[in-house]
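Please read the structure below before turning to the comments.
The values are calculated or read from the model by the stated rules, or taken from the named source; none is laboratory data. Note that the structure is predicted; figures quoted are calculated from it, not measured. Note: ideal-geometry Cβ built from the backbone for every residue, glycine included; neighbour counts use all protein chains shown.
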Amino acid sequence: MIDEQGILSRRFDVKVVPNGVLLDEAGTIRWAKFGGFSIDNPEDVAVVERFLAGEDLEPSPQRDPPYVLGPLERELVATKLRLGRVLLDAGRTAEAVAAWREALRLDPENFLIRKQIWVAEHPERFFPTIDFPWQQEQLAAERARELAEGICGPDGCPVPAALMGNASPARGAAG
Amino acid sequence: MSDTARVGAPFSLPLLPTLDGAAWDSEALRGTKVLLFMWGSW
């Protein structure tokens, strides 16, 4: 399935891929691993095989998000992502990227948004092959800029002020 | 966060297109076990 609107990432509140989710015959979510799921990982394969065999599953890996956005911020991020997609489809790439950068400012640990921007701005780094060393350099440069702009602090992203005071830090809150 | 999918909760998937021109949603997947693999081409 192709999810250009990011419906799944929003529904699962994920900021990275690859992810694996197991659904039973009734459509109930039985197990999920967010970040690092791989069919090349024997442990992940073993979970899938136990699931297919109808055996009990171990608890899903614990999620450890760097922060939790509030409802308003989540809606703003989703709206800006949709706006960017409309602009991109209209051939207005620079405006699309601007909308996505606003979304990334609200959700700076969201690598789905960050990489979407990179692909739009630097397609030559992704096609025909993905330049992963470039991604590391780009990330370091952007992190430095976000630190300088106050979007991120020394303990991570985003600092509460960057979220208009409406986010709920999941950890590392300084009170 | 109320619309966030969680383990133990029912999963609802809207109609999404596939590479071969088809489209699937939650109802199309009902009745079978599914591995939902989320991946990006970057």
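Among the numbered conditions (1) of a type in the set (Lys, Arg); (2) at the interface with chain B (Cβ under 10 Å from one of its Cβ atoms); (3) assigned to a loop (DSSP other than H, G, I, E, B), the only one that A:ARG10 does not meet is (3). Scanning segment A:22-34 for residues that are in contact with a Pro (Cβ under 8 Å, 6 or more places away or on another chain) and either assigned to a loop (DSSP other than H, G, I, E, B) or surrounded by fewer than 18 Cβ atoms within 10 Å (Cβ to Cβ) (or both) yields A:ALA26, A:GLY27, A:THR28. Report whether or not A:GLU58 is at pLDDT below 95 and either touching a Ser or Thr at 6+ places or on another chain (Cβ under 6 Å) or over 20 Å from B:LEU35 (Cβ atoms) (or both). No; evaluated as a whole, the condition is false for this residue.
With respect to being touching a residue at least 60 places away in the same chain (Cβ under 8 Å) and surrounded by 15 or more Cβ atoms within 10 Å (Cβ to Cβ), A:PRO66 fits the description.
In contact with a strand residue (DSSP E or B) (Cβ under 6 Å, 6 or more places away or on another chain), in contact (Cβ under 8 Å) with a residue 12 or more places away in the chain and within 26 Å of A:ARG63 (Cβ to Cβ): does that describe B:PHE11? Spell out the reasoning first.
Working: in contact with a strand residue (DSSP E or B) (Cβ under 6 Å, 6 or more places away or on another chain): yes; in contact (Cβ under 8 Å) with a residue 12 or more places away in the chain: yes; within 26 Å of A:ARG63 (Cβ to Cβ): yes.
Against the criterion (in contact with a strand residue (DSSP E or B) (Cβ under 6 Å, 6 or more places away or on another chain), in contact (Cβ under 8 Å) with a residue 12 or more places away in the chain and within 26 Å of A:ARG63 (Cβ to Cβ)), B:PHE11 qualifies.
Checking each residue in segment B:16-42 for being more than 7 Å from every other protein chain (Cβ to nearest Cβ) and exposed (fewer than 12 other Cβ atoms within 10 Å of the Cβ) picks out B:ASP20, B:GLY21, B:ALA22, B:GLU27, B:SER41. Which one is surrounded by the fewest Cβ atoms within 10 Å (Cβ to Cβ), of the residues in segment A:35-57 that are in contact with a helix residue (DSSP H, G or I) (Cβ under 7 Å, 6 or more places away or on another chain) and closer than 19 Å to B:ARG6 by Cβ? Among those residues, the one meeting the criterion is A:LEU57. Sub-9 Å Cβ pairs linking a first residue in segment A:77-91 that is of a type outside the set (D, E, K, R) to a second residue that is exposed (fewer than 15 other Cβ atoms within 10 Å of the Cβ) and not in a helix (DSSP H, G or I), at least 6 apart or interchain, are A:ALA78/A:GLN5; A:LEU81/A:GLN5; A:VAL86/A:ARG92, ordered by first then second residue. In segment A:48-62, the count of residues that are among the acidic types (Asp, Glu), without any contact (Cβ under 8 Å) to a residue 24 or more places away in the chain and not in a loop (DSSP other than H, G, I, E, B) is one or more. Contact map, segment A:30-44: residues that are without any contact (Cβ under 8 Å) to a residue 40 or more places away in the chain and within 12 Å of chain B (Cβ to nearest Cβ) paired with residues that are assigned to a loop (DSSP other than H, G, I, E, B) and aromatic (Phe, Trp, Tyr), Cβ distance under 7 Å, separation 6+ or inter-chain. Pairs shown: A:ASP44/A:PHE37.
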